[in-house]
Every structure is written in C-alpha cells, then in structure tokens.
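Below you'll find the structure, written out as structure tokens, and then a few comments.
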Amino acid sequence: MASVEDGPKRTSSLYGRRTALAAPEAQIEALDAVPLASGPSQSGSFHRDLMASGWEAGIQPAPLEIFQINIGKLCNMTCMHCHVDSGPDRVQENMDREAVDACLRAIDHIQAHPLGGGLHTVDLTGGAPELNPHFEYLVDECVARGLHVIDRCNLTILRVKRYRHLPEWFAERGVEVACSLPHYRKMGTDAQRGDGTYGKSIEALKMLNEAGYGQGDPKRVLTLVTNPVGSFLAGNQESLEGEWKEALQRNHGVQFDRLFALNNMPMSRYLEWLIEKGQLEGYMEKLLAAFNPGTIDGLMCRNTVSVGWDGKIYDCDFNQQLEMDAAVPFAHVGDFDLGAWQARTVKTERHCYGCTAGSGSSCGGATA
Ligand code: SF4
Ligand code: SF4
C-alpha cells in the first residue's frame with residue numbers, strides 16, 4: 001500500500017502547463033492503452049462488464065433528483081488529485097449570468113414536467129463555486145424554488161476575507177456544505193492539497209460549527225468528503241465516519257454530520273500522477289478487481305444531470321471533464337428537455353471503473 005508521503009502533492013494545472021494530457025481525448029487514450037484483463041468478463045471493457053452484470057442495454061436513467069452545476073474551473077487551490085484540472089489560472093472557464101439563468105429556466109422546466117417531480121437538490125461544484133460572481137444569486141434562486149442546495153466547498157476559501165460571511169449566510173438559507181478533507185490528520189491532507197491546507201481547513205470547520213453546522217440540524221448539514229492519498233481505493237465509509245468523528249472531536253473539538261468516502265478517478269491530474277509514478281496499470285487493476293455490479297443502481301449518472309460552466313449538458317461531472325457529450329438531441333442547458341433526458345443511455349468508458357469499485361463512489365458517497 002502506498003504511504004501518505006507517496007501521495008500526490010499540490011501542483012499547477014495541466015492546462016497551464018500545456019501538457020498533452022490536458023486534452024480529454026489524451027486521457028481516454030491513456031486509459032484505453034492500459035493492458036487489462038480482469039473483471040467479471042475478463043475483458044477490461046466497462047461496456048462488456050456492464051452487459052455481464054445484467055445491464056445489457058447500458059446504464060439507463062432513474063428519475064431525475066439532482067441538478068448539478070459545475071459553475072467554473074477557477075479555484076484558489078491546485079490539488080494534485082483534482083479531476084477538474086482547476087486552479088487560479090482557470091479564470092476564463094466561469095459560468096456567466098446568461099448560463100446561470102438558463103440553468104434556472106431548465107430547473108423551472110423540470111419542476112413543471114410530469115417526469116420532474118423527483119427533483120429535490122441543486123448541487124454546486126467547481127473549482128471553488130464560491131468564486132463565481134453569480135454564486136449567491138444562484139443559491140438564492142434555487143432556495144426560492146424550494147430546492148435543497150449543496151455547496152461543494154474546499155474549506156480554505158472560507159478563510160479568505162471576502163468569503164468569511166458564507167458560513168452564516170449558508171446557515172440562514174439551509175445550504176448543505178460538503179467539504180473536501182482528504183484526512184483527519186495534517187500529513188495526509190497537506191500531502192494531497194498543499195502545505196498549510198489542514199490548518200486552514202480546521203479553522204473553516206470551526207467557523208461552520210459556530211454557525212450551527214455539524215450538530216444534527218437538517219437545515220445545517222456539514223458533510224466531509226475524503227479520498228485516498230495515494231493509489232488505493234476508498235475505505236469503508238461507515239467505519240471511517242466513526243473514526244473521523246472521534247478523531248476530529250478529540251483533536252480539535254470539530255463536529256460534522258456525515259462522511260463520504262470517494263475513490264480517486266483515473267483522469268486529469270490524478271491520472272498524470274499515476275502515470276508519472278508508474279502506478280496507472282496497478283491502480284486500474286485494483287479498480288477492475290473490485291468491480292461491484294451492486295454499485296450501478298445508485299450511480300449519480302442515473303439520477304443527476306451535470307451542467308458545465310458553459311451550459312453544456314453531461315451525464316456526470318466526470319464525463320463532463322472528459323467532454324463526453326450526453327446522448328441527447330440538445331447540447332446546451334438552455335434547450336434542456338426532460339423527456340429526451342430520461343430516454344437516453346448513459347455514455348461510459350474505462351474511467352467508470354472508478355465509480356463501480358468496492359462500495360461504489362459517487363458525489364453522494366458510497367452507492368452500495
Ligand atoms: S479544491 Fe477541489 S476544485 Fe480546487 S484544485 Fe482542489 S480538488 Fe480541484
Ligand atoms: S463516470 Fe461514474 S457517474 Fe459518470 S457515467 Fe461513468 S459510472 Fe456513471
């Protein structure tokens with residue numbers, strides 16, 4: 001097993017370094033080139049493993065529940081494992097007001113549609129979503145529509161002066177805050193996200209606790225999100241949650257409500273790290289060996305629509321970063337049609353093994 005010291009360190013964006021791997025097609029090619037033969041079908045083909053698992057027609061949608069918006073690639077951090085290739089240099093890729101309003105019209109369309117009654121959540125991710133100039137407007141509009149809002153927060157942004165009001169602001173609106181924290185110990189977190197991240201993250205968690213988060217109030221839910229520091233799979237979510245709650249309370253007096261344990265996706269900067277360390281084949285073999293058909297039913301691509309910063313529509317945030325357009329007769333959220341969305345088949349490739357290994361891994365945590 002790789003140690004924490006071996007894990008990814010903070011870097012710069014692939015885009016900024018103009019590396020070949022910045023191109024989504026180069027990432028798909030790198031995954032396709034890995035010699036793999038394990039998994040139920042012994043094929044190394046996710047499509048065939050799906051068919052062998054009873055999903056002969058591919059992954060079909062469940063009722064739509066979550067409208068996820070990746071509002072921009074701009075971030076105050078540059079973590080090595082980032083599947084979005086975010087960073088301070090990604091200033092161009094940020095959703096404008098026109099696209100924000102197109103998202104709101106699509107939400108109105110879904111809520112008025114006979115198939116849209118299950119929509120309950122708007123999930124805002126990035127980059128650091130708080131850096132988008134329309135972030136607070138979008139949150140308020142979603143709350144006004146009776147929707148639960150999740151902000152996927154990197155924690156350190158809450159220590160930046162301009163955003164220190166957000167814990168109280170979120171609390172007033174019942175916004176759930178889902179925060180990245182690779183490990184409850186300093187070494188694991190700083191190894192993956194950069195020196196000093198852990199201390200700022202603990203300070204931000206205390207701010208959230210002071211605003212009423214993390215104490216069982218359904219209007220002030222504080223979720224922590226962990227992913228392995230190295231080339232191994234996420235541990236058991238339930239047992240990790242107990243361990244984390246005890247450790248953060250004991251060491252810092254910090255409380256939170258629940259923990260999501262996610263696998264790292266073999267794409268973007270984490271893919272680059274795996275290649276550089278010569279661990280890509282080994283990691284993919286681990287994912288395939290742990291392929292679990294029981295995870296498929298709960299995958300986020302079944303109940304979520306993913307919208308990019310430019311308003312384009314995707315099956316999930318991972319397909320979005322690989323620029324795999326959804327199989328629907330429209331490309332932009334401004335033309336969203338729920339009937340066509342529910343009739344599509346989800347597009348899958350080898351990166352999907354990252355979601356279906358072990359207990360599964362989606363934006364909502366384990367799926368099995
Ligand atoms: S905080 Fe999140 S979005 Fe920003 S670089 Fe790190 S992983 Fe990527
Ligand atoms: S990456 Fe995961 S969520 Fe996206 S299509 Fe593949 S299995 Fe579904």
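The values are calculated or read from the model by the stated rules, or taken from the named source; none is laboratory data. Note that the coordinates shown come from a computational prediction; the quantities given were computed from them, not determined experimentally. Because the Cβ atoms are built from the backbone with ideal geometry, glycine has one as well, and the counts that use them run over all protein chains shown. Calculation scope for accessible area: heavy atoms of the full protein, side chains included, ligands and nucleic acids excluded. Shrake-Rupley method; radii C 1.70, N 1.55, O 1.52, S 1.80 Å.
General observations
- Rolling a 1.4 Å probe over the protein chains gives HIS83 an accessible area of about 50 Å².
- Global dimensions of the chain from alpha-carbon coordinates: Rg and Dmax equal 19.3, 53 Å.
- The order of the peptides 235-242, 334-341, 154-161 by mean Cβ neighbours within 10 Å, most packed first, is 154-161, 334-341, 235-242.
- CD proxy at 222 nm, helix term only [per DSSP H run n ≥ 4: -39500 (n - 2.57); per residue of the chain; nearest 500]: -9500 deg cm²/dmol
- Each residue of the range 154-269 gets 108 Å³ once the volume of the Cα convex hull is shared out per residue.
- Proximal lysines relative to LYS347, as straight alpha-carbon distance under 20 Å, when same-chain residues fewer than 8 apart are discounted: LYS312
- Using a probe of 1.4 angstrom and keeping all protein chains present, the accessible surface of the chain works out to 39 square angstrom per residue.
- Burial order of peptide ranges 67-73, 18-24 (average beta-carbon count within 10 Å, highest first): 67-73, 18-24
- Straight-line reach from LYS200: taking Cα to Cα under 23 Å and skipping same-chain neighbours fewer than 8 places apart, the lysines in range are LYS9, LYS73, LYS161, LYS186, LYS245.
- Relative packing of 182-195, 100-113, which averages over residues the other C-beta atoms within 10 Å, highest first: 182-195, 100-113
- The chain, accessible surface, carbon-and-sulfur percent (1.4 angstrom probe): 50 percent
- Of all aspartates and glutamates in the structure, those lying under 20 Å Cα to Cα from LYS206, and not within fewer than 8 positions of it along the same chain, are GLU130, ASP151, GLU168, GLU172, GLU176, ASP190, ASP195, ASP217, GLU241, GLU243, GLU246, ASP257.
- Under the criterion of Cα pairs below 8 Å and six or more residues apart, the relative contact order for the range 249-322 equals 13 percent.
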